[in-house]
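J.: Attaching a single structure in structure tokens format; questions to follow.
Quick note: the coordinates plus some simple rules give every number you see, no bench work behind them. All figures in this text were calculated on a predicted structure; none of them were measured in a lab. With ideal geometry, Cβ positions are generated from the backbone for all residues, glycine too; neighbour counts draw on all protein chains shown.
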Amino acid sequence: MLLHKTLRYANYWHVKNYFRDEDVARGSFIALPAPLELGVINYREALQYAISVGYQGIICTEHYGGDGLSVSASNQKYLREKVLPRTGEYHLGTSRVKQSGLISSAERAALGGQGGGR
């Protein structure tokens, strides 16, 4: 799976999902945009893996069919309430991405809360 090769080094993840139907006998394949929760990609499994390898980046959701605003809200609710860990139960992993121009919270504390952010 491509996620296994890339997510441990990523800091931005653009996600979307699709409904897919196929009629192999006729050679017909159809894909339509779907909310994250309902499409063919299992984001529950993908995000569980991402967290296990220390992914701490941004997740940008995309949906361009129908009512994009309500689907975006549905995607946010799905991620926050059903997939991503609650902050009280979650301990940050170690990111393997070099954050150029940014400093860690420990470095910021050592500077008295100043510097480094963009």
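J.: What fraction of the DSSP beta bridges in the stretch 1-62 is antiparallel, stated in percent and rounded to the nearest 5? Don't skip to the answer; put the middle values down first.
T.: Numbers: 7 of 11 bridges.
Of all bridge pairs located within the stretch 1-62, approximately 65 percent are antiparallel.
J.: At 7 Å along the Cα-to-beta-carbon direction for both D21 and N42, put a label point, then send me their distance in nm to one decimal.
T.: 2.4
J.: Roughly how compact is the stretch 1-71, stated as its Cα Rg over 2.2 N^0.38 Å to two decimals?
T.: Values: Rg = 14.4 Å, N = 71, 2.2 N^0.38 = 11.1 Å.
Taking N as the residue count of the stretch 1-71, the ratio is 1.29.
J.: Go ahead and run the numbers for FRET between Q56 and F29, Cβ-Cβ distance against an R0 of 30 Å, rounding to 0.05. Please list the in-between numbers first.
T.: Details: r = 36 Å, r/R0 = 1.19.
So the FRET efficiency works out to roughly 0.25.
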